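One structure below.
What follows is calculated from the coordinates using simple rules that are stated; it is not laboratory data. These numbers were taken from a predicted model, which means no experiment stands behind them. All Cβ positions, even for glycine, are placed from backbone atoms using ideal geometry, and neighbour counts span all protein chains on display.
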């Protein structure tokens with residue numbers, strides 16, 4: 001088995017949410033780490049994956065919104081400083097696509113989720129190190145994690161949709 005880690009300078013952990021039912025707000029988490037242990041990084045079927053995300057590192061490019069997101073109305077980062085994902089098993093779908101099943105914990109609430117993941121390729125970086133790329137996508141319902149703040153709009157809709165799209169683009173380096 002071989003260990004891999006994320007090159008955070010060449011990776012993005014992003015999310016988007018519908019705002020006022022008419023546009024999407026995009027955000028990222030800037031501080032996170034992960035460890036992947038597998039015999040074959042390109043096949044991934046035997047992989048053990050763990051991610052830890054610092055909630056306070058959320059960025060939507062709007063300071064006031066970011067402060068609100070880490071407040072008790074949303075993530076309550078002072079009480080729940082981390083988001084954790086741990087894989088439970090992986091299903092190979094087709095040539096370069098996998099379903100990564102795992103447990104996502106937000107605010108001490110753990111729910112099963114599935115990332116549809118595509119192996120995007122590999123190459124040698126300028127330091128002669130082999131690197132591997134993956135993109136993983138999922139959608140979560142924020143209410144499942146007690147992220148329930150919202151406002152009803154005069155038009156009858158809501159300020160923030162319940163569905164959150166998550167997209168993770170990673171470049172992995174062997175340890």
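If you find the alpha carbon centre of the stretch 103-142 and of the stretch 28-43, how far apart are they in angstrom?
7 Å
With r defined as the distance between the Cβ atoms of residue 24 and residue 2 and R0 fixed at 45 Å, what FRET efficiency is calculated, to the nearest 0.05? Present the calculation step by step, with values, prior to reporting the outcome.
Working: r = 37 Å, r/R0 = 0.83.
So, using R0 = 45 Å, E works out to roughly 0.75.
Take every Cα pair under 8 Å in the stretch 2-174 that's 6+ residues apart, average their separations, divide by the length, and report that relative contact order as a whole percent.
Numbers: 415 pairs, mean separation 44.2, N = 173.
In percent, rounded to a whole number, it is 26.
Can you work out the PRE-style zone for residue 91? Point 7 Å along Cα to Cβ, and I want the residues of the stretch 37-54 with backbone N under 17 Å.
It comes to 44-47, nothing else.
Could you give the spread of the C-alpha atoms of the stretch 2-174 along their three principal axes, from largest to smallest, in whole angstroms?
Taking the Cα atoms of the stretch 2-174, the three principal extents are 55, 32, 30 Å.
What is the percent of Cα-Cα separations in the stretch 66-121 that go past 14 Å? Please list the in-between numbers first.
Working: 944 of 1540 pairs.
Distances greater than 14 Å cover 61 percent of the Cα pairs.
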